[in-house]
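Q: Below you will find the structure I want to go over with you.
Read the figures in this text as sums done on the coordinates, not as results from a lab. All of these numbers come straight from a predicted model, not from anything done at the bench. Please note: Cβ atoms are built from the backbone with ideal geometry, for glycine as well, and neighbour counts cover all protein chains shown.
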Amino acid sequence: MTALLVKNADVLVTMDDARREIPDGAVFIEDNRISWVGPTAAFDAWLQENRPKLTASKAFKTINARGCVVMPGLVNCHHHLYQTLTRTIGTAGGKILFDWLKFLYPIWAELTPEAVYVSAKVGLAELVLSGCTTVADHLYLYPNGSKIDDEIQAAQEIGVRFHPTRGSMSLGESKGGLPPDRVCDSEADIIKDCIRAIETFHDPEPFSMLRIGVAPCSPFSVTTDLMRESAALARQYPLVNLHTHLAETKDEDRFCMEMFGLRPIEYAESVDWAGEDVWFAHMVHPNAAEVDWLARTHTGVCHCPSSNMILASGIAPVRDMVDKGVRVGLGVDGSASNDGNHMLGEARMAMLLQRVGWPGFESRADRFSAREALELATLGGARVLRRDDIAALAPGKAADLVAFRVDDLTHAGGLADPVASLVTCAPAQAWLSVINGRIVVEDGEFLPFELGPVIERHNQISRQMMERAGVL
């Protein structure tokens, strides 16, 4: 058993039920749980009173967080980690989603087990350094023997709290879908491997570090039968969530009307994709009635602002969704449609986009606050993933926290509101990251492994994939 005290934080952002922000705050961790939160000056008295009850050793590590804002770890609800291998190549000149996908599918067809593993290590390291402690990933193509196991191995080596979803594509071009047939799999094999992944890896217990989801890729890449079978399969297991892309672009609207005679959300409802175990990535183009449906059915949404901007998909009506009670979290989306992995930066983009407004609504600077953006990146994501054990600094919660320095050049002059400065100023890297009670970043240094050799091998694999695909 181990214990850790993080003290003297300029502000401790709890995200607890009262949304307390504690000046000169401290948090005490035993093993993988939070035992106490409060003003630093009150810790010694609490320790004296509770010392006989402590489960950890009497000696504990202390970190002085003066000059920092300490807050719960950020939660990334949608990602494609393998896409670190193809950053910029599809976005530099400007492509909309369908053209971007058609350009990249042949390169992604060259993925290997090592490529999935190494790209996950790179993407997860970048996320952790941005303040992220929980990551949901969507791996939806498995060429050349690749498995979801490959990215799970990378996540376990880093120690991140991981929600990988076993994605799939079965509707190739020959059947009227968007992806080439060579990156699609048979539906029998997809269901079989979903069962294997769940029964091998899924842990539904509190404080779980690994939960599997089931995630057919999109309405234009899987069949109606697979959507229904996936929903039925996931609901046979506790806390196995369902995930897919939905209502991302106007092209998708047109595809769904032509293929199914339904709008994307109408289609999702027709295949039993609704409820607290479902969350959709993007949701850029719901109408007012569909936003009401999301709220009424308790269906979740992951907002991906940077990706929606770089692919010109549009601006999701997040303000409207939040006001109507929709569960909304944040995601960085794929590293080839962003082209980064910075969760704090994504919170900033979410705030800015809502202030700019969405079609039919005027720009308003007071539409979305900095604290609302931070809440989307923490509690919002936890709600989407159906977790009540993370994303708040309170006794009994998981020991996931991050600290950002606010006494540096980037935040100079922002001391009147250091919490808001995390998203109004340029996004910073984490100075400290604790995941499940384990220090993963300290003094800004990523501890699990040396990054240089991993980046070098990652770039070698990236070049090889592009050469095999004839792009380089």
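Q: Using the count of nearby Cβ atoms within 10 Å as a rough guide to exposure, how do VAL419, VAL118 rank from fewest to most? Before the final figure, lay out the partial values.
A: Details: VAL419 20, VAL118 25.
The fewest-first ordering by Cβ neighbours comes to VAL419, VAL118.
Q: How high is the relative contact order of segment 376-472, in percent, with contacts defined as C-alpha pairs under 8 Å that are six or more residues apart?
A: On the way: 92 pairs, mean separation 17.0, N = 97.
Relative contact order for segment 376-472 comes out at 18 percent.
Q: Can I ask one more? Rg(Cα) of segment 159-314 divided by 2.2 N^0.38 Å? Before the final figure, lay out the partial values.
A: Values: Rg = 15.4 Å, N = 156, 2.2 N^0.38 = 15.0 Å.
Ratio of Rg to 2.2 N^0.38 Å for segment 159-314: 1.03.
Q: Still on this model: Label points 7 Å out from Cα along the Cβ direction at SER174 and THR424: separation in nm?
A: Here the answer is 5.9 nm between the modelled labels.
Q: Would you mind calculating the gained length between ASP193 and GLN48 on full extension (0.36 nm times residue separation, minus the Cα-Cα distance), in nm to one decimal? Let's see the in-between values first.
A: Numbers: separation 145, 0.36 × 145 = 52.20 nm, distance 5.25 nm.
In short, 47.0 nm is gained.
Q: Follow-up question, since we're still on this one. Within the chain, what percent of beta bridges assigned by DSSP are antiparallel, to the nearest 5? Spell out each step's value before the answer.
A: Numbers: 29 of 65 bridges.
So the antiparallel bridges amount to about 45 percent of the total.
Q: Which whole-number percent is the relative contact order of the chain (Cα, under 8 Å, 6+ apart)? Before the final figure, lay out each step's value.
A: Working: 1073 pairs, mean separation 96.1, N = 472.
Relative contact order here is 20 percent.
Q: Got a sec? How would ILE191, ILE152 order by Cβ neighbour count within 10 Å, fewest to most? Walk me through the numbers before you get to the answer.
A: Details: ILE191 18, ILE152 22.
If I rank by nearby Cβ atoms, fewest first, I get ILE191, ILE152.
Q: What is the spread of the Cα atoms of segment 1-65 along each of their three principal axes, largest first, in whole Å?
A: Result for segment 1-65: principal-axis Cα extents of 29, 22, 19 Å.
Q: Also, quick follow-up: Which entries of LYS121/LYS175; LYS102/LYS175; LYS102/LYS147; LYS121/LYS147; LYS324/LYS397; LYS95/LYS147 show an alpha-carbon separation above 24 angstrom in the structure shown?
A: Numbers: LYS121/LYS175 35 Å; LYS102/LYS175 16 Å; LYS102/LYS147 22 Å; LYS121/LYS147 15 Å; LYS324/LYS397 27 Å; LYS95/LYS147 29 Å.
Exceeds cut-off: LYS121/LYS175; LYS324/LYS397; LYS95/LYS147.
Q: Sticking with this structure for a sec: Answer with one residue from GLY444, SER168, ILE107: the one whose Cα lies farthest towards the positive end of the charge dipole of the chain, charges on Cβ with Lys, Arg +1 and Asp, Glu -1.
A: With unit charges placed on the Cβ atoms, the residue in question is GLY444.
Q: Using 0.36 nm per residue of separation minus the Cα-Cα distance, give me the extension gain between ALA92 and ASP149 in nm, one decimal. Mind dumping the intermediate values first?
A: Details: separation 57, 0.36 × 57 = 20.52 nm, distance 3.15 nm.
Full extension from ALA92 to ASP149 adds 17.4 nm.
Q: Next question, about the same structure. ARG182 to ASN287: FRET efficiency via 1/(1 + (r/R0)^6), r the Cβ-Cβ distance, R0 25 Å, to the nearest 0.05?
A: Working: r = 36 Å, r/R0 = 1.45.
Efficiency computed from Cβ-Cβ geometry: 0.10.
Q: Still on this model: So what is the calculated 222 nm ellipticity per residue for the chain, using -39500 (n - 2.57) for each DSSP H run with n of 4 or more, over all residues, to the nearest 500 deg cm²/dmol? Present the calculation step by step, with values, prior to reporting the outcome.
A: Numbers: 16 runs with 163 residues, N = 472.
Calculated from helices alone, the mean residue ellipticity at 222 nm is -10000 deg cm²/dmol.
Q: What is the distance in Å between the Cα centres of segment 196-245 and segment 312-341?
A: Taking the Cα centre of each part, segment 196-245 and segment 312-341 sit 21 Å apart.
Q: Work out the FRET efficiency for ASP272 and GLU467 from their Cβ-Cβ distance, taking R0 = 60 Å, and round it to the nearest 0.05. Present the calculation step by step, with values, prior to reporting the outcome.
A: Numbers: r = 43 Å, r/R0 = 0.72.
Plugging the Cβ-Cβ distance into 1/(1 + (r/R0)^6) gives 0.90.
Q: Sticking with this structure for a sec: Given charges of +1 on the Cβ of Lys and Arg and -1 on the Cβ of Asp and Glu, with all other atoms neutral, how large is the dipole of segment 204-347 about its Cα centre, in debye to the nearest 20? Please report the intermediate quantities before stating the final value.
A: Details: 10 positive and 20 negative charges, 39 e Å.
Roughly 180 debye, rounded to the nearest 20.
Q: Here's another thing I want to ask about it. Just rank ARG387, ARG182, ARG161, fewest to most, by other beta-carbon atoms within 10 angstrom.
A: Numbers: ARG387 21, ARG182 12, ARG161 25.
Ordered by Cβ neighbours within 10 Å, fewest first: ARG182, ARG387, ARG161.
Q: Nothing charged except the Cβ atoms of Lys and Arg (+1) and of Asp and Glu (-1): what's the magnitude of the dipole of segment 74-384 about its Cα centre? Round to the nearest 20 debye. Present the calculation step by step, with values, prior to reporting the outcome.
A: Details: 27 positive and 41 negative charges, 129 e Å.
So the magnitude is around 620 debye.
Q: A follow-up question, please. Set Lys and Arg Cβ to +1 and Asp and Glu Cβ to -1, take the dipole of the chain about its Cα centre, and tell me which of CYS68, CYS184, ALA336 lies farthest positive.
A: It is CYS68, whose Cα lies furthest towards the positive end.
Q: Let me ask you something else. Rounded to the nearest 0.05, what FRET efficiency do VAL356 and MET259 have when you use their Cβ-Cβ distance and R0 = 25 Å? Walk me through the numbers before you get to the answer.
A: Working: r = 32 Å, r/R0 = 1.29.
So the FRET efficiency works out to roughly 0.20.
Q: A further question follows. Can you spot the aspartates and glutamates whose alpha carbon is less than 13 Å from LYS53's alpha carbon? Ignore those fewer than 8 places along the same chain.
A: Those aspartates and glutamates meeting the cut-off are GLU30.
Q: Now for a separate question. Which of the cysteines found in the chain have nothing to pair with, since no other Cys Cβ lies under 4.7 Å from theirs?
A: Cysteines lacking a close Cβ partner in the chain: CYS68, CYS132, CYS184, CYS194, CYS217, CYS256, CYS304, CYS425.
Q: Give, as a single signed number, the net charge of other residues whose beta carbon lies under 11 Å from the beta carbon of ARG387, with Lys and Arg counted +1 and Asp and Glu -1. Intermediate results must be reported in sequence, preceding the final value.
A: Working: positive: ARG161, ARG211, ARG383, ARG386, LYS397; negative: ASP388, ASP389, ASP400.
For residues surrounding ARG387, the net value is +2.
Q: Now for a different question. Over all directions, average the projected area of the Cα convex hull of the chain and note it in nm². Don't skip to the end; give the middle numbers.
A: On the way: hull surface 86.3 nm².
Quarter of the Cα hull surface area: 21.6 nm².
Q: Rounded, prolate or oblate: which fits segment 109-170 when a ≥ b ≥ c are the square roots of the eigenvalues of the alpha-carbon gyration tensor, with rounded for a/c under 1.5 and prolate only if a/b beats b/c?
A: Prolate, since a/c reaches 1.5 and a/b exceeds b/c.
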